[in-house]
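Report on the following structure.
The values are calculated or read from the model by the stated rules, or taken from the named source; none is laboratory data. The structure displayed is predicted, hence computed values, not measured ones. As a convention, Cβ positions derive from the backbone with ideal geometry for all residues, glycine included, and neighbour counts pool all protein chains shown. Protein only, heavy atoms only, side chains kept; ligands, DNA and RNA dropped before computing areas. Shrake-Rupley method; radii C 1.70, N 1.55, O 1.52, S 1.80 Å.
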Amino acid sequence: LIFSPPSQYKFRDLTIEELKNVSMTYPNFTFSMNTYTFKDGSQKDLLNFSGTVPVKYGNSYNIPIRLWILDSHPFAPPICFLKPTSNMGIAVGKHVDARGRIYLPYLQNWSHPKSTLIGLIKEMIAKFEEELPLYSLSSSDAARQSELLSYIAKITEGETDMKSRSKTGGRNEGCSNKITVVGAGDLGIACVLAVAAKDVADKVILLDLSEGAAKGGTMDLEIFAVPNVEISKDFSASADSKVVVLTVNSLGNAQTYLDVIQGNVDLFRGIIPAVSHHSQNAVLLVASHPVEVMTFVSWKLSSFPKSRVIGVGANLDSERFQYMLTNLLKAEVLAKDAWVIGEQGEDKVPSWTSCNVVANQTEAMAARNSREKVANRAMEILKGKGQRSWSVGLSVADLADSILKDKRKVHSVSTLAKGCCNINSEVFLSLPCILGTSGVIEMVRLEEDPLVQEKLQSSAGSIHDLQQQLKL
């Protein structure tokens, strides 16, 4: 018997219809309403169902699972977990992490009305038949496993302790310089080609999360066999990456800008825990849009320290800005400490990290006015340049190079801005930072400029307001 979902479910009729189909196909499933705790600590009462699915792996097995139905179903995929008993151990693999969270291509590419719960369960069975997600424990192992049951129960109830993962040690230790690029769109492929061209990494993994066989650019990468580049659809291929580049963007039929961003957040909910599980010591480098918000989302979902979650931010704009000052406007002295900072788009601003020492206040004022005129001219030129996928790819390769080779070079990247310029909220803005193998080593002090600080505070306020409307 399927009870009616509460009023919080926006598409109740569609949800009821789906659950009826599940109940008819898998009559052993039981349905209930329980409180789900998200990674940010927020809670919500959600419909969920649990039971077993039949899997043939030599013998026949009944694999226990639990699926949580979000209140935006069927336009958002469910959250899926294994539900092992005390005599079962979790076999971490391509589609299951150590916490029992299930990751499938079907979830990554969820799109109503093509995607259904029945279709999801069928793919789950098919993937489990390729790689069994559970194994039988010996009596001694089962005794130890029972001590962990309360923890596993919390996980399947939706509670997580992501920070404990960061203390489990480094699978990255001693491995080669490996980069994973998530997303095989134009930007993802541009990042792969730029990283390969600059010889930044020993190995590059392109995670193609799209459905079906390789298409377009990914097929060309395979045809022309770019050295040290591997294309995969499995998150496990990203294991032990030192840098993970996020380029994916939701292509749903969103009606508003907030819907577009929420689509990206929903996409990241399936991606970030998977890549952070397989590469626990990686630096996350976010190129998805809007970069400030998606860097914040990546930080929250991964529970990585703020130093290891970076957005590409204004690195490209800053490099162009410095180039224009030096080569077009012949202001090489000004270019030395010049940066574009703040929020990507129209609200970015030029700033300096130091000021030339002058003899007196009159000269200081004249120098500032001269500098502002040159900066305004450079910013006007910058507006007309735009950003192509290949140019962003080169910027990503530049940042990855500084991180992997521990160059201690200064870049303008999206970093947690709380505490800077009287910003009190958790927002990410582009600020000049020294980068190394551990990500952001140090934030470079900016010259005090009331107008710049006012613009940064304004950007921080609007970004924070937007983040408050998102469902993490």
query = Can you find a residue in the range 463-470 that is part of a loop (DSSP other than H, G, I, E, B), open to solvent by less than 80 Å² (accessible area, probe 1.4 Å) and out of contact with any helix residue (DSSP H, G or I) (no Cβ under 8 Å at 6 or more places or on another chain)?
reply = no
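Please go through the range 113-156 and pick out each residue that is outside any helix (DSSP H, G or I), open to solvent by 60 Å² or more (accessible area, probe 1.4 Å) and at pLDDT below 90.
The answer is Pro113, Glu131, Tyr135, Ser136.
From the list Leu404, Leu435, Leu456, which one is open to solvent by less than 30 Å² (accessible area, probe 1.4 Å) and over 18 Å from Val283 (Cα atoms)?
Leu456
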query = Limited to the range 415-432, what total is found for residues that are in contact (Cβ under 8 Å) with a residue 60 or more places away in the chain and either among the β-branched types (Val, Ile, Thr) or under 11 Å from Lys306 (Cβ atoms) (or both)?
reply = 5
task = Answer yes if at least one residue in the range 5-16 is within 15 Å of Thr116 (Cβ to Cβ), in contact (Cβ under 8 Å) with a residue 60 or more places away in the chain and in a loop (DSSP other than H, G, I, E, B), and no otherwise.
result = yes
ask   = Taking the range 421-462, which residues are closer than 19 Å to Val396 by Cβ and assigned to a loop (DSSP other than H, G, I, E, B)?
value = Thr437, Ser438
note = Residue pairs within 8 Å by beta carbon, gap of at least six or interchain, first lying in the range 304-325 and over 14 Å from Ala417 (Cβ atoms) and in contact (Cβ under 8 Å) with a residue 60 or more places away in the chain, second surrounded by fewer than 21 Cβ atoms within 10 Å (Cβ to Cβ) and of a type in the set (Ser, Thr, Tyr), listed first then second, are Phe304/Ser166; Pro305/Ser166; Arg308/Ser438; Leu316/Ser391
Qualifying positions in the range 81-106 - touching a helix residue (DSSP H, G or I) at 6+ places or on another chain (Cβ under 6 Å), at pLDDT 85 or above and open to solvent by 20 Å² or more (accessible area, probe 1.4 Å) = Lys83, Tyr106
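Checking the conditions here, which among Pro64, Pro77, Pro84 is under 22 Å from Pro6 (Cβ atoms) and in contact with a Gly (Cβ under 9 Å, 6 or more places away or on another chain)?
On the way: Pro64 fails: under 22 Å from Pro6 (Cβ atoms); Pro84 fails: under 22 Å from Pro6 (Cβ atoms).
On inspection, the qualifying residue turns out to be Pro77.
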query = Of the conditions (1) part of a strand (DSSP E or B); (2) surrounded by 12 or more Cβ atoms within 10 Å (Cβ to Cβ); (3) not small (Gly, Ala, Ser), Leu19 fails just one. Which one is it?
reply = (1)
key: Which numbered condition Gly58 fails, given (1) more than 25 Å from Gln262 (Cα to Cα); (2) open to solvent by 50 Å² or more (accessible area, probe 1.4 Å); (3) touching a residue at least 24 places away in the same chain (Cβ under 8 Å)   = (3)
key: When residues of the range 197-226 are limited to those that are β-branched (Val, Ile, Thr) and touching a helix residue (DSSP H, G or I) at 6+ places or on another chain (Cβ under 6 Å), the one modelled with the lowest pLDDT   = Val226
query = Among the residues of the range 262-285, is there at least one that is crowded, with 23+ Cβ neighbours inside 10 Å, small (Gly, Ala, Ser) and free of Cβ contacts under 8 Å to residues at least 60 places away in the same chain?
reply = no
note = In the set Ile63, Ile69, the lone residue that is under 20 Å from Gln262 (Cβ atoms), among the aliphatic types (A, V, I, L, M) and in contact with a strand residue (DSSP E or B) (Cβ under 6 Å, 6 or more places away or on another chain) is Ile69
key: Residues within the range 77-91 that are assigned to a loop (DSSP other than H, G, I, E, B) and under 20 Å from Thr30 (Cβ atoms), tallied   = 5
